[in-house]
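Presented below is the structure to which this report refers.
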Amino acid sequence: MIEPIQLISKEDRQSALIRAGYNLFGINSEEIFIDLLTDSGTGAMSQEQWSALMIGDESYAGSRSYFRLADTMKEIFGFQNFVPTHQGRAAETILCSLLLKDGQSVPSNTHFDTTDANIRAKKGVPVNLVIDSAYDPNDKYPFKGNMDLVKLENFIADTGVDNIPFGMLTITNNAGGGQPVSMENIQAVSAIYRKNNIPFFIDACRYAENAYFIKLRESGYSEKSPKEIAREIFTHADGATMSAKKDGNANIGGFLAMNDENLYLRAGNELILREGFLTYGGLAGRDLDAIAVGLREGLDEKYLAYRLAQTAYLADKLTESDIPIMNPPGGHAVYVDAKTFLPHIPPHEFPAQALCVELFLEGGIRSVEIGSVMFAYLNTKTGEVVYPRLELVRLALPRRVYTQSHLDYVADTLAGIKTRKDSLRGLKIVYAPELLRHFTARFEPENL
Ligand SMILES: Cc1ncc(COP(=O)(O)O)c(C=O)c1O
């Protein structure tokens with residue numbers, strides 16, 4: 001699918017920023033030249049997906065589309081049961097509604113924003129136990145998404161199994177730079193959860209990229225296909241949440257999968273209440289078909305090689321221009337290390353948000369902040385704001401959309417900003433909701 005893009009004038013970009021309260025989520029798509037806000041649902045569907053849409057069966061119950069998706073699900077993930085949902089967060093909401101009680105904790109390597117917020121919305125505590133090297137942008141350890149096993153064991157011992165209704169692991173670790181988790185780590189995390197009878201759910205959004213990283217980087221896997229590796233990953237878990245808008249290569253969709261029959265029955269009731277009947281969730285039949293095809297395509301080795309090469313290309317271009325990034329580059333995005341790039345802007349003035357704003361003003365490029373806007377929170381016990389350790393600007397690459405020259409333009413724009421980066425100013429928040437504030441917060445430049 002070809003879409004026209006246009007670079008509007010700098011004056012119009014400035015007006016758009018003021019109108020949007022310096023929040024890139026408030027900018028309209030026609031005002032954007034290159035849109036790297038997210039890889040979620042923004043990819044281009046293939047000809048097979050477009051043709052699959054045409055055979056979508058829109059029956060309310062028991063549609064053929066559902067069974068085609070169910071066959072794919074069995075083949076790739078192997079869980080006994082699943083419910084389709086309209087996107088990943090709906091699967092998280094159902095899981096949290098069924099399992100989480102006030103004050104209970106859910107450990108993971110790093111919860112992404114919607115998971116974090118779904119847990120908090122149920123008055124639970126999201127706990128991030130990723131290895132320390134995840135916080136060092138220059139540490140090139142190949143599996144920086146790994147859970148710290150000692151931290152996990154200690155956390156379970158300190159918190160008590162009764163206060164941990166389920167445990168998670170995000171593959172790849174989006175909030176930590178799109179970094180993969182090794183099979184060895186997945187297996188070890190599973191063993192710890194199982195030893196403690198804690199149900200283990202994988203946040204599988206980018207499981208195919210993670211599987212390909214395992215193939216490339218972990219010994220014993222070079223001869224296995226991404227699909228075989230994926231199958232092995234999920235044998236270690238009791239279930240998964242997934243947004244099909246990522247490695248499902250679809251524009252909408254997701255699922256909650258599980259082996260536990262009783263949990264499936266309860267999830268089904270929640271689904272009917274919130275999303276729709278068991279065989280369509282919040283989706284049209286044609287969406288189910290697009291996902292079934294997209295999931296298979298997402299595991300194609302040639303496609304995954306292109307995907308990771310594109311990310312690596314942008315990362316190399318930025319490194320050539322001495323733009324600090326999270327190393328090694330992740331699967332779906334390159335993350336600029338705004339803390340190092342803009343050391344004169346403190347976390348409470350949101351350095352990564354300031355860089356996102358400048359990227360749009362300078363080049364019409366939309367990116368997203370993954371730093372203090374997204375993850376700082378008020379510790380109600382101490383009354384202090386707790387800031388995350390990383391201030392990142394994520395340049396997420398939509399699947400099968402942009403070419404190398406688009407990426408060159410992005411790298412050149414950042415290199416241009418670098419020459420006058422000391423003049424960039426921080427921002428202050430003038431409006432923010434309590435949860436998921438990055439979507440709708442409004443800002444003003446500091447020292448206006
Ligand atoms: C790791 C991870 N988990 C969960 C989600 C939520 O998925 P959705 O946006 O489909 O609700 C996302 C979306 O960005 C994600 O990256």
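The values are calculated or read from the model by the stated rules, or taken from the named source; none is laboratory data. Here the structure is a predicted model, which is why all the values come from computation and not from measurement. All Cβ positions, even for glycine, are placed from backbone atoms using ideal geometry, and neighbour counts span all protein chains on display. With ligands, DNA and RNA removed, areas are computed over all heavy atoms of the protein, side chains included. Shrake-Rupley method; radii C 1.70, N 1.55, O 1.52, S 1.80 Å.
So the values come out like this:
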| quantity | calculated |
| --- | --- |
| Count of residues meeting criterion [surrounded by fewer than 20 Cβ atoms within 10 Å (Cβ to Cβ) and not small (Gly, Ala, Ser)] in segment 62-79 | 6 |
| Residues (under 29 Å from Ser97 (Cβ atoms), open to solvent by less than 30 Å² (accessible area, probe 1.4 Å) and hydrophobic (A, V, I, L, M, F, W, C)) located in segment 156-195 | Ile156, Ile164, Phe166, Met168, Leu169, Ile171, Ala175, Val181, Ile186, Val189, Ile192 |
| Subset of segment 348-383 (residues that are farther than 19 Å from Ile27 by Cβ, part of a loop (DSSP other than H, G, I, E, B) and among the hydrophobic types (A, V, I, L, M, F, W, C)) | Ala376 |
| Which numbered condition Gly177 fails, given (1) modelled with pLDDT under 95; (2) more than 16 Å from the ligand (Cβ to nearest atom) | (2) |
| Options Gly239, Gly282, Gly331, Gly248; residue that is at pLDDT below 95 and closer than 30 Å to Tyr141 by Cα | Gly331 |
| All helices (runs of 4 or more DSSP H) inside segment 61-139 with 3 or more residues being under 16 Å from Ile171 (Cα atoms) | 88-99, 113-121 |
| Flag for Ile131 being modelled with pLDDT of 95 or more, open to solvent by less than 50 Å² (accessible area, probe 1.4 Å) and farther than 30 Å from Asp322 by Cα | no |
| Residue that is nearest to the chain's Cα centre (by Cα), among those in segment 213-230 that are small (Gly, Ala, Ser) and surrounded by 15 or more Cβ atoms within 10 Å (Cβ to Cβ) | Ala230 |
| Which listed residue, of Ser15, Ser46, is of a type in the set (Gly, Ala, Ser) and open to solvent by 30 Å² or more (accessible area, probe 1.4 Å) | Ser15 |
| Test: Asp260 is within 23 Å of Glu92 (Cβ to Cβ), open to solvent by 10 Å² or more (accessible area, probe 1.4 Å) and either touching a residue at least 12 places away in the same chain (Cβ under 8 Å) or small (Gly, Ala, Ser) (or both) | yes |
| Matching entry among Tyr409, Tyr313 (being open to solvent by 40 Å² or more (accessible area, probe 1.4 Å), more than 29 Å from Arg442 (Cβ to Cβ), of a type outside the set (D, E, K, R) and in contact (Cβ under 8 Å) with a residue 24 or more places away in the chain) | Tyr313 |
| Residues satisfying the stated conditions in segment 96-119, i.e. within 16 Å of the ligand (Cβ to nearest atom), open to solvent by 30 Å² or more (accessible area, probe 1.4 Å) and either at pLDDT 95 or above or among the hydroxyl-bearing types (Ser, Thr, Tyr) (or both) | Ser97 |
| Selection status of Thr93, of a type in the set (Val, Ile, Thr), within 16 Å of the ligand (Cβ to nearest atom) and surrounded by fewer than 23 Cβ atoms within 10 Å (Cβ to Cβ) | yes |
| Qualifying residue in segment 204-211 (condition: open to solvent by 10 Å² or more (accessible area, probe 1.4 Å), within 11 Å of the ligand (Cβ to nearest atom) and in contact with a helix residue (DSSP H, G or I) (Cβ under 7 Å, 6 or more places away or on another chain)) | yes |
